[in-house]
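Below is one structure, written out as C-alpha cells; the observations come after it.
The values are calculated or read from the model by the stated rules, or taken from the named source; none is laboratory data. Computed from a prediction, not measured in an experiment: that's the story for all the values here. Note: ideal-geometry Cβ built from the backbone for every residue, glycine included; neighbour counts use all protein chains shown.
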Amino acid sequence: MKRTYIAIIKTGLILMLPMLLLSACSSYADASRGRVYWLNYKAESDGTLQKVADLYEKETGVKVKVMTAASGTYDKMLNSEMDKAHPPTIIVLKNRENVDKWADCCVDLTDTPLASELESDVYNVFDKDKRLVAVGYCYECFGIIANPSLIEKAGYSVDEIKNFESLKTVAEDIHARAGELGFDAFTSCDMDDSSSWRFTAHMANLEYFYEERDAGGWSEAPASIKGTYMDNYKNLYDLCINNSCVSPQTLATGGHDAENEFMSEKAAFFVNGSWEYEALSKKVPGAVMLPYYCGVEGEEKAGLNCGTENNWAVNSRAKEQDVRATLDFMYWCVTDETASKMLVDTFGVMPYRKAPDSDNTFLTAAEAYEDSGAYVMDWAMSYQPNADQYRAGLVSALDLYNSDQSDANWENVCTAFVQGWEYNYREVNAK
C-alpha cells in the first residue's frame, strides 16, 4: 500500500473496554528499570494494546500498564491521573487544545530514536516554542460506509453515487421500499455518548472544512465561525435520520446498535470510519467508503475525511527511569515485527519505516480518491473549542430537532454551532 498520510488531529469519543489489571506490587516492582503507563482513549484498540503490553513485559521484564478511559472522559481522566504518584508516561494529544494545555509537560522528541523512525515529519505536533511534543501513531479516515450488495439489490450501483443528488435518490428510494427490500437506507444515528460524536464531530467537520477552505486554511482555532455550510450539513443529516431503520424521535436516548444494523444487513449505509474495517470486513467484506456528499458545488471531486487524533506524547513529569523505559517501549512498538503488525492490524496505518503495510480497504480508498485528483477533507473539527462542552450543546439542539424538525428547532442547531463556537472559544481563552 502506498503511504500517503493526510491532515492532522481528529476528535472522537470512546467506550470503556476491559483493562489490564496489575496490582500495585507487580506494576511498580523493580522500579529502577522504569515502568510504562499508557493512558489510551482509542477503545477499539484496547484489546490489542493489552496484548502488546503483555508481549513487551514477557520479552523485557518491564511493566507496561494500558488504561482506556470511558467514553467522553479522557480529558477528565488525564487531569486526574497526571496528579497521581505514578502518572501516565504516554499521553495522547487529540487536538490543538490538548497541545496548548499539556505541551509544557511533554518531552521534546526531536532527536529520539522514535522520531527517527517516522516516514514523514509532516504530521509532527509542535508547541509554540517549536518543540516536537507529539508524533502521530496512526492515521484514519471517515465518511459514509456502504454495502454495494444491498445497493445492487435495490437496483442501483454504488458507482452511481457521485454527489448528494445521487446519494439522496438511492437512499430515499431504498427507504421508501424498505418493507419490500428487507433493509433500509441508513443505520441509526443515536445521540447518546456512544454515537453522537459521529454527527457533532465527524459530520460537523464538513461545515468546518469548507469554511476553513474558504479562509485559506486554519493554523489555529478561529474565534468564530460563520455557519456558511449549515444548509449542507442539514442536507446530509436530514437524509440520514429520515431514511433510517429507526425513527428520529427515538435517537435521544440511544440504545440502538448501528454497527450491528450494518453488519446484519438491516441498512445499506453506515456513517463511520476506517477503525470499523476490522469488524466489518468479517461480516460485510465488500463494504466501501463514500465521501460526505452534502450538496456543495464541485463535490464530485470530494475525497474522504482524513487525519488523526492519535498523537503520542511522553510525560516529562514522570520519573527519569520511566521516561527512558517509555521511549524504549515506543521505539519497540514501531520497529518490532510482531508488535508493529499487531498495531497496524488495529490502527490501520502507522507512519513508521518498519511498520507493515495495511490491508484496510477504507484507507486504500482514501488514497485512491486523492490519486484521482479528489480533494482531501482534513479534520478541521480538531479546532472545536472546549470540545466536550461545545458538542454537548450540539447534542441538546439536535435532540430537539430530531423530535420536531421545525424551522425554529433547526435555527437552534445553527445557533449551537455558530454562537456555541464563539462562546466556548471565549471560555477557553479567558482562562
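Any residue that is without any contact (Cβ under 8 Å) to a residue 40 or more places away in the chain and part of a loop (DSSP other than H, G, I, E, B) - is there at least one of those in segment 303-325?
Checked against the condition, which is being without any contact (Cβ under 8 Å) to a residue 40 or more places away in the chain and part of a loop (DSSP other than H, G, I, E, B), segment 303-325 yields no hits at all.
May I ask you to verify whether K266 is under 17 Å from M289 (Cα atoms), over 24 Å from the mean Cα position of the chain (by Cα) and in the same structural domain as D407 (by TED's automatic domain parsing)?
Here the answer is no, as K266 does not meet what is asked.
Determine if segment 158-169 includes at least one residue that is touching an Asp or Glu at 6+ places or on another chain (Cβ under 7 Å), basic (K, R) and under 30 Å from L398 (Cα atoms).
Checking segment 158-169: at least one residue is touching an Asp or Glu at 6+ places or on another chain (Cβ under 7 Å), basic (K, R) and under 30 Å from L398 (Cα atoms).
C189 versus (1) more than 28 Å from V428 (Cα to Cα); (2) in the same structural domain as K319 (by TED's automatic domain parsing); (3) within 20 Å of the chain's Cα centre (by Cα): which is the lone unmet condition?
In the conditions (1) more than 28 Å from V428 (Cα to Cα); (2) in the same structural domain as K319 (by TED's automatic domain parsing); (3) within 20 Å of the chain's Cα centre (by Cα), C189 misses (2) alone.
When you check T338 against the structure, is it within 23 Å of the chain's Cα centre (by Cα), surrounded by fewer than 24 Cβ atoms within 10 Å (Cβ to Cβ) and part of a helix (DSSP H, G or I), yes or no?
It is false that T338 is within 23 Å of the chain's Cα centre (by Cα), surrounded by fewer than 24 Cβ atoms within 10 Å (Cβ to Cβ) and part of a helix (DSSP H, G or I).
Is there a residue being acidic (D, E), out of contact with any helix residue (DSSP H, G or I) (no Cβ under 9 Å at 6 or more places or on another chain), under 22 Å from S45 (Cβ atoms) and assigned to a helix (DSSP H, G or I) anywhere in segment 368-388?
No, segment 368-388 contains no residue that is acidic (D, E), out of contact with any helix residue (DSSP H, G or I) (no Cβ under 9 Å at 6 or more places or on another chain), under 22 Å from S45 (Cβ atoms) and assigned to a helix (DSSP H, G or I).
Quick check: anything in segment 267-282 in contact with a strand residue (DSSP E or B) (Cβ under 9 Å, 6 or more places away or on another chain) and in a loop (DSSP other than H, G, I, E, B)?
no
From K162, K130, K168, grab the single residue that is basic (K, R) and closer than 21 Å to D100 by Cα.
Answer to the check: K130.
Name the helices (runs of 4 or more DSSP H) wholly inside segment 98-191 in which the number of residues that are under 27 Å from P356 (Cβ atoms) and hydrophobic (A, V, I, L, M, F, W, C) is 1 or more.
Where helices (runs of 4 or more DSSP H) fall fully within segment 98-191 and carry at least 1 residues being under 27 Å from P356 (Cβ atoms) and hydrophobic (A, V, I, L, M, F, W, C), they are 113-116.
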